[in-house]
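Q: Below is the structure I would like to discuss, written out as structure tokens.
All of the numbers you see were taken from the coordinates with simple rules; none came from a lab. Everything quoted here is computed from the prediction, not taken from an experiment. Cβ sites come from the backbone with ideal geometry, for glycine too, and all protein chains shown count toward neighbours.
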Amino acid sequence: MPVIEVDGLTKSYDDKTVVDDMSFSVEEGEIFAILGPNGAGKTTTVESIAGLRTPDSGRIEVFGFDPLVDRAEVRSRLGVQLQESRFQDRVKVREVVETFASFYREPLDVATLLERLGLGDKADTRYSRLSGGQQQRVSIAVALVGRPQAVILDELTTGLDPQARRESWGLVEELRDSGVTVVLVTHFMEEAERLADRLALIDEGRLVALDTPRGLVDSIGLEQRLRFTTTATIEDTWLTALSDVSGVTRSGDEIVVAGNERMLFSVVSLLADHEIAPDWLQVDQTTLDDAFVAITGRQLESAEEIS
Amino acid sequence: MTAIVALARTQSKVFLREPLAVFFGLVFPALILVVIGLVFPGATEPNADLGGRSLVEIYAPVSIVLGLATVALSLLPTTLGGDREKGILRRLSTTPVHPRTLVAAHLVVQLVVVSLATVAAILIGMLAFGVPFPESPGWFLVSYTLGAVALLSVGLLIGAVVPTAASGQAVGMLLYLPLLFFAGVYIPLQVMPESVRTVSSYTPSGAAVQALSASWAGEVPQTSSLLVLAAYGLVFGLLAIWAFRWD
């Protein structure tokens, strides 16, 4: 039985359809990423799962319960880390987590949880004096303290520095390994690629693809690209004669070879036969971003977000 | 430990770490009495212009309403606006505990705070300036409870809808300053023109001062004062419950 089932979820605000006929299911024990640009409807989707939004139509089941009807059943099993959720400045870390622990029947031991999240020495620190990464971990602690069977993590690493982001990724993998089902909402391609067992690609409120990260990249059938430079003379015809190569272009000194997944090996063998050593060589990996562009015709991450 | 006990415990700790809140919530009413008793010549002497009471006696109930108004119109809306701004109410909506439990915890903590401030003001009045203990304790308690409910309900309605702590503070202040005027904080009700006193008797702060003053002097408060307070509590309380924004 899937942990979360979404079937035909639709939600509009002021005549604008934010989520449009969305269907997917999350299986037990996986990291399920919901990936899409800002404003794609990711948050509305997970807030509907958490029972914070009332769908216009469609059916949602969490552990077989309706989040709007069986509120207590869903809330005691599902931990939620909301986007942009903070706590009072003057409350201490231990106090926040202990307070939330009191809401559940069998909460985790707070001291152990804080230790595991690397907050052991911050237990008596006020919330406002924590770094962004530490505040984010408090938020995770609050989502986990009730011993949930599944958690929703919405934009877990937005606003974190690269170091803190990688630490958070480690935590998510630990969670999955301890048997908790994770729904990870993100607009970072790299995050979904690195963590997700399966991912739902969302654009303008619609589910545009649902697959493993590898499967998604393979499914669009993009060619591999090899770029290299060399001072030796190479005829294009040497390369185009290879059956695995589909095209050769030159830009300045750079030679760009396109082809299938065996192209790299063929080209390198060819160069070796001619005793040519490239000065510089690079293989362009097909990424989820490429997949997103191929499917929707638009970039996943806008230039502004990358900076 | 049940959720409301845990929330109230945490919120009282948070309150005690906020120096401004502690000053205005706990100390302010007693301090006002001290200032008036020490600064104004003859403040502890019976004064014919004030109906034979001393200035400190006049200000004792006023200082209590000042404390109530400060907590209800400044602390409460700011706290609730802050909870909404920080996403704490929404966050609670994802747990088995409804966010109204947090609102209840705030009300409990703030009612305890303002009641301690009230006791402090009564004690300072008695010990330092010869103000008697309220002579109709039962009616005093009724007046105080209705006054607290009325003012906290007004503050709760503001806190029910403001999106941020700053907007809670701003809207609260808009009501706070005129309500202090009608409570006789700036000039005693006794020397105000009859028309202003009539308006004052229909405000929650003015009605509370009248009811508290009467019971302090051993009289039965006017039914109209108590009804005005009850009406504010009922109407604003229900409006707050109806209008409360949980996200």
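Q: What lysines does A:Lys92 reach when the alpha-carbon gap must be under 22 Å and sequence neighbours fewer than 8 apart in one chain are set aside?
A: A:Lys122, B:Lys13, B:Lys86
Q: If you don't mind, there's one more thing I want to ask. Can you give the three extents of the C-alpha atoms in the range A:4-218 along their principal axes, from longest to shortest, in whole Å?
A: Cα extents, longest axis first: 46, 39, 34 Å.
Q: Restricting everything to alpha-carbon atoms, can you work out Rg to Rh for the range A:223-285 with a Kirkwood hydrodynamic radius?
A: Taking Rg over the Kirkwood Rh, I get 0.90.
Q: Shifting gears a bit: What is the Cα centroid distance between the range B:50-82 and the range A:123-179, reported in whole angstrom?
A: First find each Cα centre; the distance between them is then 44 Å.
Q: Here's a follow-up. Any chance you could list P(r) for the range B:120-163, counting all Cα-Cα pairs in 10 angstrom bins from zero, rounded to whole %?
A: Pair shares across the bins are 25, 32, 26, 15, 3.
Q: Continuing with the same structure: Thinking of the protein assembly as shown as a set of Cα atoms, what percent of all their pairs are more than 37 Å apart?
A: 49 percent
Q: Please compute the average number of Cβ atoms from other chains found within 10 Å of each residue's Cβ in peptide B:141-149.
A: Rounded to a whole number, the mean comes out at 0.
Q: Could you tell me how far the Cα centroid of the range A:281-299 sits from the Cα centroid of the range A:215-264, in Å?
A: Distance between centres, Cα-based: 16 Å.
Q: In Å, what Rg and Dmax follow from the Cα atoms of chain B?
A: According to the Cα coordinates of chain B, Rg and Dmax are 18.2, 61 Å.
Q: Translational diffusion coefficient, Stokes-Einstein: compute it for the range A:32-108 using the Kirkwood radius over C-alpha pairs as Rh, at 37 °C and 0.692 mPa s, and state it as an integer in µm² s⁻¹.
A: 225 µm²/s
Q: With θ taken as phi - 60° and the coefficients 6.51, -1.76 and 1.60, list the Karplus ³J(HN,Hα) couplings across the range B:163-179 in order, rounded to whole Hz; mark glycine and proline as x.
A: So the J values, rounded to whole Hz, are x, 9, 4, 5, 6, x, 4, 5, 5, x, 5, 4, 8, 4, 5, x, 5.
Q: Ignoring the sites themselves, what is the longest stretch of chain A with no GluC sites (Glu not before Pro) in a DSSP loop and at most 14 other beta-carbon atoms within 10 Å?
A: By the stated rule (loop sites, at most 14 other Cβ atoms within 10 Å), A:85-234.
Q: Nearest 500 deg cm²/dmol is fine: what mean residue ellipticity at 222 nm does the protein assembly as shown get from its DSSP H runs of n ≥ 4 alone, each adding -39,500 (n - 2.57), divided by its residue count?
A: So the helix-based figure for the protein assembly as shown works out to -15500 deg cm²/dmol.
Q: Under a crude label model (7 Å from the Cα following the beta-carbon direction), how far is A:Asp15 from A:Ser246 in nanometres?
A: 4.4 nm
Q: If you plug each phi of the range A:189-206 into the Karplus form 6.51 cos²θ - 1.76 cosθ + 1.60 with θ = phi - 60°, what whole-Hz ³J(HN,Hα) values come out, in order, with x for Gly and Pro?
A: Using θ = phi - 60°, the values come out as 4, 4, 5, 5, 4, 6, 9, 6, 6, 9, 9, 9, 8, 10, 9, 6, x, 10 Hz.
Q: How big is the dipole moment of the protein assembly as shown about its Cα centre under a simple scheme where the beta carbon of each Lys and Arg is +1, that of each Asp and Glu is -1, and everything else is neutral? Debye, nearest 20, please.
A: Result for the protein assembly as shown is approximately 2980 debye, rounded to the nearest 20.
Q: What longest range of chain B stays clear of loop-exposed GluC sites (Glu not before Pro) (DSSP non-H/G/I/E/B, at most 14 other C-beta within 10 angstrom)?
A: On the way: sites that count: B:Glu135, B:Glu219.
Longest run free of exposed loop sites: B:1-134.
Q: Sort B:227-233, B:143-149 by the packing proxy (mean of other Cβ within 10 Å over each peptide's residues), most packed first.
A: Details: B:227-233: 19.6, B:143-149: 24.3.
Put in order of decreasing packing, that is B:143-149, B:227-233.
Q: By how many degrees, 0 to 90 and rounded to 10, does the Cα axis of helix A:162-177 deviate from the longest principal axis of chain A?
A: The two axes meet at around 70 degrees.
Q: Please give the average number of partner chain Cβ atoms lying within 10 Å of the Cβ of each residue in A:80-91, rounded to a whole number.
A: 5
Q: When you look at the Cβ of every residue in B:178-186, what mean number of other chain Cβ atoms sits within 10 Å?
A: Counting Cβ atoms of other protein chains within 10 Å of each residue's Cβ and averaging gives 0.
Q: Test of understanding: ordering A:Asp121, A:Asp218 by Cβ neighbours within 10 Å, fewest first, what list do you get? Walk me through the intermediate numbers first.
A: Numbers: A:Asp121 10, A:Asp218 14.
Ranked by crowding around the Cβ, least crowded first: A:Asp121, A:Asp218.
Q: Another question about this same structure. Relative contact order for the range A:4-218 using alpha-carbon pairs under 8 Å, separation at least 6, rounded to a whole percent?
A: Over the range A:4-218, the number comes to 30 percent.
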